[in-house]
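The values are calculated or read from the model by the stated rules, or taken from the named source; none is laboratory data. Worth saying up front: this structure is predicted, and the values here are computed from it rather than measured. Virtual Cβ from ideal backbone geometry, glycine too; neighbours counted across all protein chains shown.
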Amino acid sequence: MRRNILQRLAAAIRSLLRRISNRSGSWHDAWQSLPFERCAGELVFAEKTFSITRPIHLVARVDRAYDDGAALTLVELKTRHRKQLFASDIIELSAQRLVVHHATGRRVHDLGYVVLSQPHSRRRNGHKAALLTELDMIELAIRRQLLLNQALAPAPPNSFAICRQCEYREECRSTFGTRSVT
Amino acid sequence: MGYCERKVLLQHLHGPKVAASRAAAQQRGIIAHQRFLMESLRRTPQADSDGDCGIARLRLTFVASRPQPLFERLLRYIVRWRR
């Protein structure tokens, strides 16, 4: 008897959840859509990986790319508490731009968007980012290779606040001695 | 560069190292990307995509459409109560 009631209750809850889920899909999408998406054009790539070997060897995964007819607009999603763009976001998006341009042969806009999503509330904000040129990206890749070959001395970070969260603090102190925040 | 060059070199010399907090953040990022992909494909099913990880998708079919964390707490409570 009790088991029967529980089963019926479970079925009722399941049906209710299905209805909520179906309804919240469109509601959630509408809530999450960002202003720039309305004029960015048609979504053509979603979580798509591209790779190139020239001008540099590079693999990048594009979160979203919109086509407005003239060029593609790239969108990168980041999950973080702070509503702040970092230089690494711009480098990442610029790398994607280089890869998409060479892999597809299509023009990509100089401006991209970084969508910052709050981890808990999941509220999103779109931030416009001016992307680096192809030459800048090649320079960066060469500099990285020189660093890895130890032909260049690595520069310390601009802000030592990032040292507090760094996993390599011990190694940094033993290799470079000074300027690592404890 | 836009990040610590020392870290780039140390990562190369000592291999990747991920702190627990960063691993948790990465996990959150994976889930958020999965949700982002599902939204994209729901809006534009013809968009070109590599697809996604099946396990994450299974988890997300349940989680993605929730409007509030409160909803998840309520579900957990119901599941526990049923046991």
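So which residues in region B:12-37 are over 27 Å from A:Gln118 (Cα atoms) and facing another protein chain (nearest Cβ under 7 Å), if there are any at all? Hits for region B:12-37 are B:His12, B:His14. Can you say whether B:Asp52 is modelled with pLDDT under 85, touching a strand residue (DSSP E or B) at 6+ places or on another chain (Cβ under 8 Å), more than 30 Å from A:Arg2 (Cβ to Cβ) and of a type in the set (Asp, Glu), as far as the supplied structure shows? Considered against the rule, which asks whether it is modelled with pLDDT under 85, touching a strand residue (DSSP E or B) at 6+ places or on another chain (Cβ under 8 Å), more than 30 Å from A:Arg2 (Cβ to Cβ) and of a type in the set (Asp, Glu), B:Asp52 comes out as yes.
Between A:Leu147, A:Leu152, the distinction of being assigned to a loop (DSSP other than H, G, I, E, B) and touching a helix residue (DSSP H, G or I) at 6+ places or on another chain (Cβ under 8 Å) belongs to A:Leu152 only. Take the conditions (1) touching a residue at least 24 places away in the same chain (Cβ under 8 Å); (2) farther than 22 Å from A:Leu74 by Cα; B:Ala25 misses just one of them, which is (1). Scanning region A:109-141 for residues that are touching a residue at least 60 places away in the same chain (Cβ under 8 Å) and away from chain B (no Cβ under 14 Å) turns up A:Lys128, A:Glu134.
Mind counting the residues in region B:5-31 that are more than 25 Å from the chain's Cα centre (by Cα) and among the hydrophobic types (A, V, I, L, M, F, W, C)? Number satisfying all stated conditions: 3.
Listed conditions (1) among the basic types (Lys, Arg); (2) surrounded by 15 or more Cβ atoms within 10 Å (Cβ to Cβ); (3) in the same structural domain as A:Glu47 (by TED's automatic domain parsing) are all met by A:Arg106, apart from (2).
Scanning region A:69-124 for residues that are closer than 20 Å to A:Leu135 by Cβ and modelled with pLDDT under 90 returns A:Ala87, A:Ser88.
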